[in-house]
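The values are calculated or read from the model by the stated rules, or taken from the named source; none is laboratory data. Remember, it's a predicted structure, so these values are computed and weren't measured experimentally. Using ideal geometry, Cβ is built from the backbone for each residue, glycine included, and neighbour counts are taken over all protein chains shown. The protein model used for the area step is the full one, side chains on, heavy atoms only, and it has no ligands, DNA or RNA in it. Shrake-Rupley method; radii C 1.70, N 1.55, O 1.52, S 1.80 Å.
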Amino acid sequence: LAWDRETVAGTRSFIEETADGEDRFFARVNLIEAHAAWKYDREAVEAMGVDPEEIAPEQRWKEVAAKSRALWEYAAGEVSYDETAKRILTHLYESWVHSADAMAGELLETLEETGVGEETLVVLTADHGESIASDVVHGHTVSVSEDIAHVPLVIDGPGIPDTTVSEAVSIKDIYGTVLDSMGVETDAPTVFDSTARGVALMETFGIDPDRIDDRFRETADQFGLRRAIYTDDDRAERRYDTDETFG
């Protein structure tokens, strides 16, 4: 949270110092506080209109928050979450997303206050969502489920059509969108004419055998250290111990 606040303060100063000039400016701001582990902050939860005590005592919130990052332990069955815990996890995650959203709002306000809001291209998105203890997935690194892959993507500014793109697009196409909207000739696709619609990419790494129980150990030993890339219809995998590539 301290990093994000420092980042927002620095970006606001950058906008204020740059907006009066004639040169174009560019900033990429990465807010990371919504990443697990999700600490329990009563005020952050209440800011969403949720009364924590109506769900569970404060100690339970703290206990669930303390193991909110137990991705592999959950997959291996070493950690479990009952329905109350899942509800708490969801509110914890949402409370930090809510906080990050407010910080993004501060930057939008700065653009308006400096008089460059209408002429500035703004892209608001995320690199992933989170799966909250669904099936055997908790977190975001081992799946491309809807909860993880369907992220916000809002683009506003000069040259951006007033439209909603209903098909799946790739955030890789933000690059071409920025260039195209600024009048730069490019062959890179935009989110409005994406060539990658319907394709979901996922990279995985081999599970650490020391963090899983015997039910999974045989599979982990069989494949060893590996890296795989998946799309919606195919996969490629490289195994580092033999330097072989499959798919």
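How do the strands (runs of 3 or more DSSP E) wholly within region 123-187 filter down when requiring 2 or more residues that are open to solvent by less than 50 Å² (accessible area, probe 1.4 Å): which remain? Spell out how you get there, then give the answer.
Details: elements: 131-134, 137-139, 153-156.
Qualifying strands (runs of 3 or more DSSP E): 131-134, 137-139.
Consider region 65-79. How many of its residues are open to solvent by less than 80 Å² (accessible area, probe 1.4 Å) and either among the aliphatic types (A, V, I, L, M) or assigned to a helix (DSSP H, G or I) (or both)?
Looking only at that region, the number is 9.
For region 86-103, check the following and say yes or no: at least one residue is open to solvent by 50 Å² or more (accessible area, probe 1.4 Å), farther than 30 Å from Asp51 by Cβ and out of contact with any helix residue (DSSP H, G or I) (no Cβ under 9 Å at 6 or more places or on another chain).
No, because not a single residue in region 86-103 is open to solvent by 50 Å² or more (accessible area, probe 1.4 Å), farther than 30 Å from Asp51 by Cβ and out of contact with any helix residue (DSSP H, G or I) (no Cβ under 9 Å at 6 or more places or on another chain).
If I filter region 105-122 for residues that are assigned to a helix (DSSP H, G or I), at pLDDT 95 or above and small (Gly, Ala, Ser), do I get at least one hit?
Residues of region 105-122 assigned to a helix (DSSP H, G or I): 105-113.
Subsequent filtering for residues that are at pLDDT 95 or above retains 105-113.
Adding the requirement that they be small (Gly, Ala, Ser) leaves 105.
For region 105-122, residues assigned to a helix (DSSP H, G or I), at pLDDT 95 or above and small (Gly, Ala, Ser): present.
Just to be sure I understand, how many residues within region 71-99 are farther than 23 Å from Val151 by Cβ, among the small types (Gly, Ala, Ser) and at pLDDT below 95?
3
Exactly one of these conditions fails for Lys62: (1) free of Cβ contacts under 8 Å to residues at least 40 places away in the same chain; (2) part of a loop (DSSP other than H, G, I, E, B). Give me its number.
The one condition Lys62 does not meet is (2).
Among what's in region 40-59 and is in contact (Cβ under 8 Å) with a residue 40 or more places away in the chain and open to solvent by 50 Å² or more (accessible area, probe 1.4 Å), pick the residue that is farthest from Leu107 (Cα to Cα). Spell out how you get there, then give the answer.
Pass one, region 40-59, residues in contact (Cβ under 8 Å) with a residue 40 or more places away in the chain: 40-41, 44-45, 47-48, 50.
Subsequent filtering for residues that are open to solvent by 50 Å² or more (accessible area, probe 1.4 Å) retains 41, 47-48.
Details: Asp41: 23, Ala47: 20, Met48: 21 Å.
Here the residue is Asp41.
Under 8 Å between Cβ atoms, which residue pairs at least 6 apart in sequence (or on different chains) link something in region 1-20 that is in a helix (DSSP H, G or I) with a partner that is among the polar types (S, T, N, Q)?
Qualifying pairs under 8 Å: Thr7/Asn30; Thr11/Thr110; Arg12/Thr110; Ile15/Thr110; Ile15/Thr114; Glu16/Thr110; Glu16/Thr114.
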